[in-house]
1. Among the residues of region 41-78, write down those that are assigned to a loop (DSSP other than H, G, I, E, B) and among the aliphatic types (A, V, I, L, M).
2. Residue under question is Thr10, and the condition is that it be touching a helix residue (DSSP H, G or I) at 6+ places or on another chain (Cβ under 9 Å) and hydroxyl-bearing (Ser, Thr, Tyr); does it hold?
3. Can you tell me which residue is nearest to the chain's Cα centre (by Cα) among those in region 9-34 that are under 16 Å from Arg65 (Cα atoms) and buried (at least 17 other Cβ atoms within 10 Å of the Cβ)?
4. Of everything in region 41-78 that's closer than 21 Å to Phe16 by Cα and of a type in the set (Phe, Trp, Tyr), which residue is surrounded by the fewest Cβ atoms within 10 Å (Cβ to Cβ)?
5. Looking at (1) over 19 Å from Asp12 (Cβ atoms); (2) within 11 Å of the chain's Cα centre (by Cα), can you tell me which one Ala62 breaks?
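Read the figures in this text as sums done on the coordinates, not as results from a lab. It should be emphasised that the depicted structure is a prediction, and the values quoted were computed from it without experimental measurement. Positions of Cβ are generated from backbone atoms using ideal geometry, with glycine treated the same way; all protein chains shown enter the neighbour counts.
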Amino acid sequence: MQLPPALVHTSDAEFFGADATTLAQRWTATGALCDLQIWPDQMHVFQALPVLIPESRLAYRAAARFIRSHLPPTALAV
């Protein structure tokens, strides 16, 4: 069984940044796709504060693009 595609967001200032990098490396080592995005100068869970951190909106859009790129076209029809 292969793992599904994964998107990992972290920051170069994130306390758990090394864990995120290791997770992405291990995910990729299984043969699965893993997109590691490292956001500069962000705090842990910066995506949860869109009013205060404009980059969080960019991160949400990146996540939406990632998901959309891995869904079959029929799943996008509404």
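1. Within region 41-78, Met43, Val45, Leu49, Val51, Leu52, Ile53, Leu71, Ala77, Val78 qualify.
2. Spelling it out, Thr10 is indeed touching a helix residue (DSSP H, G or I) at 6+ places or on another chain (Cβ under 9 Å) and hydroxyl-bearing (Ser, Thr, Tyr).
3. His9
4. Tyr60
5. Status for Ala62: all satisfied but (1).
One line per residue, one yes/no per condition, for (1) free of Cβ contacts under 8 Å to residues at least 24 places away in the same chain; (2) touching a Gly at 6+ places or on another chain (Cβ under 7 Å); (3) within 13 Å of Leu7 (Cβ to Cβ):
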{"position": "Gly31", "(1), (2), (3)": "no, no, no"}
{"position": "Val45", "(1), (2), (3)": "yes, no, no"}
{"position": "Ser56", "(1), (2), (3)": "yes, no, no"}
{"position": "Ala62", "(1), (2), (3)": "no, no, yes"}
{"position": "Thr74", "(1), (2), (3)": "yes, no, no"}
